[in-house]
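Student: Below you will find the structure I want to go over with you.
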C-alpha cells in the first residue's frame, strides 16, 4: 500500500514538473512542425488574438489577422526546409512562460533561387488560457553579416 501511494505521489510530481516547463517549449515544437509543413494557418493559430510578432527585417505585426496574412504570404513564396532552435532556455511561472535562444532556418524561394540560411536570436513570451499555450510576444532578429575581411 505504501509503495502504491509513493508511486502515485512520484508520478504526480513528475507530471507536474514536466508540464511546468512545456509552455513556450511546446509552442516552439508546434511552430517548428507547422513551419516545416508550410502551414500558415497552423503557425498563426499558435499566436494569441492580441499577440505581437516581429520577424527579421519586418515591422511588428499586431494581432492574429496581421500575423496570419504575413505568414500566408511568406510561406506562399518560400519553402522552409530546416529549422533549428539551439542554446534554448525556458522559464515558466503559472500561466506565463518565456523562451529564448538561437535559431537557424533554411528558406528557399519557390520562384527559384538558391536556399538561404537565416541565423539569429529569438525571445518569446507565451501564456496559457483555457488549457492552450500561445505566443503573446515573439521577436526574432537575424545576426548581422560577418565583417568584411581586410
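The values are calculated or read from the model by the stated rules, or taken from the named source; none is laboratory data. Source: prediction; values computed, not measured. Positions of Cβ are backbone-derived with ideal geometry, glycine not excepted, and every protein chain shown enters the neighbour counts.
Student: For the stretch 54-80, what are the residues that are modelled with pLDDT of 95 or more, more than 22 Å from residue 96 (Cβ to Cβ), surrounded by 13 or more Cβ atoms within 10 Å (Cβ to Cβ) and in contact with a strand residue (DSSP E or B) (Cβ under 7 Å, 6 or more places away or on another chain)?
Tutor: 70, 78, 79, 80
Student: Only one of these is in contact with a helix residue (DSSP H, G or I) (Cβ under 6 Å, 6 or more places away or on another chain) and modelled with pLDDT of 95 or more: 42, 51. Name it.
Tutor: Every option except 42 fails the conditions.
Residue by residue, here is whether (1) more than 13 Å from residue 81 (Cβ to Cβ); (2) free of Cβ contacts under 8 Å to residues at least 24 places away in the same chain; (3) more than 17 Å from the chain's Cα centre (by Cα); (4) surrounded by 14 or more Cβ atoms within 10 Å (Cβ to Cβ) holds:
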position	(1), (2), (3), (4)
106	no, no, no, yes
109	no, no, yes, no
115	no, no, yes, no
130	yes, yes, yes, no
136	yes, no, no, yes
143	yes, no, yes, no
